[in-house]
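Report on one structure; see the data block that follows.
The values are calculated or read from the model by the stated rules, or taken from the named source; none is laboratory data. This one's a predicted model, so the numbers in the text were calculated from it and none came from an experiment. No Cβ is skipped: glycine too gets one built from the backbone with ideal geometry, and neighbour counts run over all protein chains shown.
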Amino acid sequence: MDIAALQLKMRDAFRVEATDLLAELDSSMLELESRPQDADLLNRVFRAIHTIKGSGATAGFNEMAAFTHHVEELFDEARMGRLIITHEMIDLALQAKDLIGQLLESGNPAELESTCTQVVEALARFLPQSGRPVSKSQAKAGCTPPQRQRHKIFFKPHAQVFFSGTDPINLVDELCTLGDAKVTAQIEGIPSLENLNPEQCYLAWNVELVSSQPIAKIKEVFLFVEDESEIKIESRLEPAPGETAKADPLADFLNIAGQSLLALDGFLSHLRASKESDRDCCKNYLRILKTFQAAAHRQNQKEAAALLEEQIHLLEVAITSGVILPEETKVQLEEGYQKLATLIQSLREQNQGGSKLENPAILQPDVSTVASAAEGSKKEVVRVAASIRVDQDKLDRLIQSAGELLVARNAFPLLAKKLALEHGLSGMGKEVKDAGDHISRIAEDLQAAVMSIRMMPIRTVFQRFPRMVRDIGRAQGKEVELLLEGEDTELDKTVIEQIADPLVHLVRNAADHGVESPDVREQAGKTRTGKVTLKAYNQANNVVIEVVDDGRGMDPTRLKQKAVEKGLITASAAEAMDDRSALELIFLPGLSTAEQVTGISGRGVGMDVVRSNIRQLHGTTTIESKLGFGSKITITLPASLMVSKGILVEAKGEEYVFPIDSVVQMVRLPNERIHSHAQSHFATFRNEVFPLLRLADHFACASQFSEASWPAEVPLAIVQTNRGRIGVAVDRFIGQVEVIVKPMGREFAEIAAFQGTTIMGDGRVALVINPAGFI
Amino acid sequence: MAKTIMVVDDSSSMRQMVNFTLASAGYLVVEAADGADALVKSTAQKVDLFITDLNMPNMNGIELTRQLRAAATYRFTPIVLLTTESQQEKKIEGKAAGATGWVVKPFQVEQLLAVVKKVCP
């Protein structure tokens, strides 16, 4: 894959994540507004911004990343306790957040430049000193012209180098790729086999490299190990022999000292371990001591030289006498070694900051940067669910199959029955039935698991509202508090996606039209702060969402007037209308009661769209309102659109399915309980009277009242609609079935009586009744 | 055999970006969402190189490095930190915990590949 294609893929991946992060930022920044010093929250906000910046820059959104950097800075300061987040900052940060979103979507980020600049300037005012350097990149190591140079490189990795996951030989190999190299390993440090720890590195390398690569390139090889390794690079121009490049003499000495000490340590432990004093070993030791001493003299390290002199003397005596090294001598050697080690260590500390590499800039930590202390060490309260993004088509196919399996299993009882009754194989029939039951259980599990994939908490929709309500409040000088309840209530993904717009409208209406200004509220004896509640909960197979405000409420009389004025209903119809129906007028297209059209709502488009959107989701909308006390809009939605249980019934030879959650009860009602009055049937059951209709008549010719006689016992489904219960008389109950409701084609979308169709276990098609359509 | 690289980052897009980059160079890539996730996944298969973010929920990159070094399997396995410019101190802390090196975010495709090649040739 070429890099351009990679970049494109990166950008897509980033956009997806950024959208999520921005939504999360929205809600967490608002929380932060009420708890500005909550460390966890600050960290969360910071982390989200930080990710947007980092990942964004990698994905190539440079303008966006540069802009985000400034926002990040603000929260970094806050996180470090150097400033406290105020309302103004949140305002600005929210604005910045929106800009980030726009920058991501904009094909031409330059257009937004002036807005960005304004925000950046505003942000800068909050920062301790606006003079902070924006660019933190370190000065690049000087670019030497590509001259061929001879480099003498000494590299001694730290003994524990393997534990940092570095194999030093890789680095040596890497050096070799830079030019013509001659590598010699220094093996003096390797102890005898019994003292050799295979997990330690005892080696050092000398590399003579002739290369036209700039010295920075060579240093880069050691980038990850420069702090803990001994690295020396001496360079000179290849054609000019002679002069040795100047090196740090003290560092030089310390290098030798370090190596020698390591070797001595190996020798001493060898001595400790063996009774015999190996002559060769002692000679070896002596040689090292002498080299060390020579170096000490060169460096005028008198103390070290003196210590070494003592040791050399001890050892020389021991070797010439040719006997076993006396214990006393061993102890003296040990002591001498300890002193030397301490001395070298202190010299090393004095030398700290002296350059190991020639360009000290590379080593210098960036002082302008801010430490990120203690971050991440705190347990994050917010649970981040691990997730996989799956193509929706794949998921739908899976769901479809799982659903079909559920329906297909309905064939087993039929088969069992057939075997028993038609073929006289009742034993076989039972076996088939058992197998069917087993498959059935698995199918149910599968179904439940698969459906839960599609389910999403309504939180994703709710989280946009705090921001929205806040903005409305601020824009209108109102005090509005938004309460969210039941954010974990789960709904089908499709429903979640489509419910957002209607909800936006309803919440807007509640905050903008419903809630009065603080003064008006006070006069009415209410709290100055208005309350809008957004609540979701499960009810049977449905999810109910309520939008409640404690504002001014709606006036049915005025609604009627308005509707008549606009010619939506006739005056006589208005006259006959009860309050409940009058409130329903608000769902008519073209009706708005707002005296003034504000920028936010009140154009009279919307409520009708709201209702039709919710209808498309097979949901219902009802409204309650009390003048002066507020309004409540209730949306009832099926939690899942796909598979549901149903009751299969027969009416006039046709099969129909009632969604099981709409059926309150199924009874066989004696026909004396059925009464007819004013062209309507009624039934009484358990002291309740409810309207009755005959399913067959209803669908045959909906408006006609049939006097046809009732059988002695009437099979009756008592169905819950959003206007109360009604009885639906059928000819026969067949049984309970699992159905996948498939929406009817577009041509039939207007038919409110049916939710859709379903295919039965035996392949026939049945219509699924929409109980709301009975009204 | 292709080398297996585990990418640990709580940013899914960052993981994907690293994933695309490495996959395009022929590496096998395993993703993990945080340190804890990485530890679990690292026991299921042999990983030749870890690339980890620092600031993550559940378990951060430094702790992950420490834990990996404590496990027999990964004592010597290269671990590369994904840092930002502003995390100099974290770099040092990471090295102390046993990290091999680092890549500065935002990275260029070539940069990342160069570092991977460097520590895991």
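Here's a check for you: in the range A:514-530, which residue that is touching an Asp or Glu at 6+ places or on another chain (Cβ under 8 Å) and crowded, with 20+ Cβ neighbours inside 10 Å is farthest from A:F465 (Cα to Cα)? Restricting to residues being touching an Asp or Glu at 6+ places or on another chain (Cβ under 8 Å) and crowded, with 20+ Cβ neighbours inside 10 Å, the top hit is A:K526. Take A:A204 and decide whether it is of a type outside the set (F, W, Y), surrounded by 17 or more Cβ atoms within 10 Å (Cβ to Cβ), more than 11 Å from chain B (Cβ to nearest Cβ) and touching a Lys or Arg at 6+ places or on another chain (Cβ under 7 Å). So A:A204 fits the description; yes. Looking at the structure I just gave you, is A:L223 within 14 Å of chain B (Cβ to nearest Cβ), touching a strand residue (DSSP E or B) at 6+ places or on another chain (Cβ under 8 Å) and aliphatic (A, V, I, L, M)? So A:L223 fits the description; yes. When the range A:177-189 is filtered for residues that are in contact (Cβ under 8 Å) with a residue 40 or more places away in the chain and over 49 Å from the mean Cα position of the chain (by Cα), the ones remaining, listed by number, are A:Q186, A:E188, A:G189. Taken together, A:G745, A:G756, A:G727, A:G761 contain a single residue that is over 22 Å from A:S440 (Cα atoms), in contact with a Lys or Arg (Cβ under 9 Å, 6 or more places away or on another chain) and either modelled with pLDDT under 70 or not aromatic (F, W, Y) (or both), which is A:G756.
Do the conditions hold for A:E63, that is, is it in contact with a Pro (Cβ under 7 Å, 6 or more places away or on another chain) and surrounded by fewer than 24 Cβ atoms within 10 Å (Cβ to Cβ)? Yes; evaluated as a whole, the condition is true for this residue. The sole residue among A:T529, A:T494, A:T533, A:T557 that is closer than 17 Å to A:P457 by Cα and either in contact (Cβ under 8 Å) with a residue 12 or more places away in the chain or of a type in the set (F, W, Y) (or both) is A:T494.
Say whether the condition of being surrounded by fewer than 16 Cβ atoms within 10 Å (Cβ to Cβ), among the small types (G, A, S) and in a helix (DSSP H, G or I) is met by at least one residue in the range A:91-114. For the range A:91-114, residues surrounded by fewer than 16 Cβ atoms within 10 Å (Cβ to Cβ), among the small types (G, A, S) and in a helix (DSSP H, G or I): present. None of A:T58, A:T68, A:T51 is on the phi < 0 side of the Ramachandran plot, modelled with pLDDT of 85 or more, buried (at least 21 other Cβ atoms within 10 Å of the Cβ) and within 14 Å of chain B (Cβ to nearest Cβ) except A:T68.
I'm trying to understand the selection: among the residues of the range A:92-126, which are charged (D, E, K, R) and more than 24 Å from the chain's Cα centre (by Cα)?
A:E111, A:E113, A:E121, A:R125
Being at pLDDT 85 or above, at the interface with another protein chain (Cβ under 10 Å from one of its Cβ atoms), in a helix (DSSP H, G or I) and within 18 Å of B:Q16 (Cα to Cα): is that true of A:L6 here? Here the answer is no, as A:L6 does not meet what is asked.
A:F46: under 23 Å from A:L127 (Cβ atoms) and touching a Cys at 6+ places or on another chain (Cβ under 6 Å), yes or no?
No; evaluated as a whole, the condition is false for this residue.
Looking across A:L446, A:L419, one residue alone is crowded, with 18+ Cβ neighbours inside 10 Å and at pLDDT 85 or above. It is A:L419. Residues that are facing chain A (nearest Cβ under 8 Å) and in contact (Cβ under 8 Å) with a residue 12 or more places away in the chain number at least 1 in the following strands (runs of 3 or more DSSP E) confined to the range B:33-121: B:79-84, B:101-105.
Every condition in (1) touching a strand residue (DSSP E or B) at 6+ places or on another chain (Cβ under 7 Å); (2) of a type outside the set (A, V, I, L, M, F, W, C); (3) closer than 28 Å to A:G60 by Cα; (4) surrounded by fewer than 17 Cβ atoms within 10 Å (Cβ to Cβ) holds for B:Q45 except the one numbered (3). Exactly one residue among A:A443, A:A510, A:A475 is assigned to a helix (DSSP H, G or I) and in the same structural domain as A:E404 (by TED's automatic domain parsing), and that residue is A:A443.
So, of the residues in the range A:592-644 that are small (G, A, S), closer than 30 Å to A:M451 by Cα and touching a strand residue (DSSP E or B) at 6+ places or on another chain (Cβ under 9 Å), which turns out to be modelled with the highest pLDDT? Lay out the reasoning, then the answer.
First, pick out the residues of the range A:592-644 that are small (G, A, S): A:592, A:594, A:599, A:601-602, A:604, A:606, A:612, A:619, A:625, A:628, A:630-631, A:639-640, A:644.
Cutting the leftovers down to closer than 30 Å to A:M451 by Cα gives us A:612, A:619, A:639-640, A:644.
With touching a strand residue (DSSP E or B) at 6+ places or on another chain (Cβ under 9 Å) added as a condition, the list becomes A:619, A:639-640, A:644.
Details: A:G619: 78, A:A639: 68, A:S640: 64, A:S644: 71.
Restricting to residues being small (G, A, S), closer than 30 Å to A:M451 by Cα and touching a strand residue (DSSP E or B) at 6+ places or on another chain (Cβ under 9 Å), the top hit is A:G619.
Criterion applied to A:E33, A:E24 was being over 17 Å from A:M64 (Cα atoms), more than 20 Å from the chain's Cα centre (by Cα) and either assigned to a helix (DSSP H, G or I) or more than 10 Å from chain B (Cβ to nearest Cβ) (or both), and the one residue passing it is A:E33. Among residues of the range A:119-136 that are within 15 Å of A:T68 (Cβ to Cβ) and assigned by TED's automatic domain parsing to the domain that holds A:D91, those with a beta-carbon under 8 Å from a residue that is among the aromatic types (F, W, Y) and at pLDDT 80 or above at least six positions away or on a different chain give the pairs A:V119/A:F67; A:V120/A:F67. None of A:R44, A:R82 is of a type outside the set (G, A, S), in contact (Cβ under 8 Å) with a residue 40 or more places away in the chain and closer than 18 Å to B:P57 by Cβ except A:R44.
Kindly evaluate B:A38 against the criterion of being surrounded by fewer than 18 Cβ atoms within 10 Å (Cβ to Cβ) and over 23 Å from A:G56 (Cα atoms). The answer is no for B:A38. Could you tell me whether A:V172 is within 14 Å of chain B (Cβ to nearest Cβ) and modelled with pLDDT of 85 or more? For A:V172, the condition - within 14 Å of chain B (Cβ to nearest Cβ) and modelled with pLDDT of 85 or more - is met.
So which residues in the range B:2-21 are free of Cβ contacts under 8 Å to residues at least 24 places away in the same chain and at the interface with chain A (Cβ under 7 Å from one of its Cβ atoms)?
Those that are free of Cβ contacts under 8 Å to residues at least 24 places away in the same chain and at the interface with chain A (Cβ under 7 Å from one of its Cβ atoms): B:S12, B:S13, B:Q16, B:M17, B:F20.
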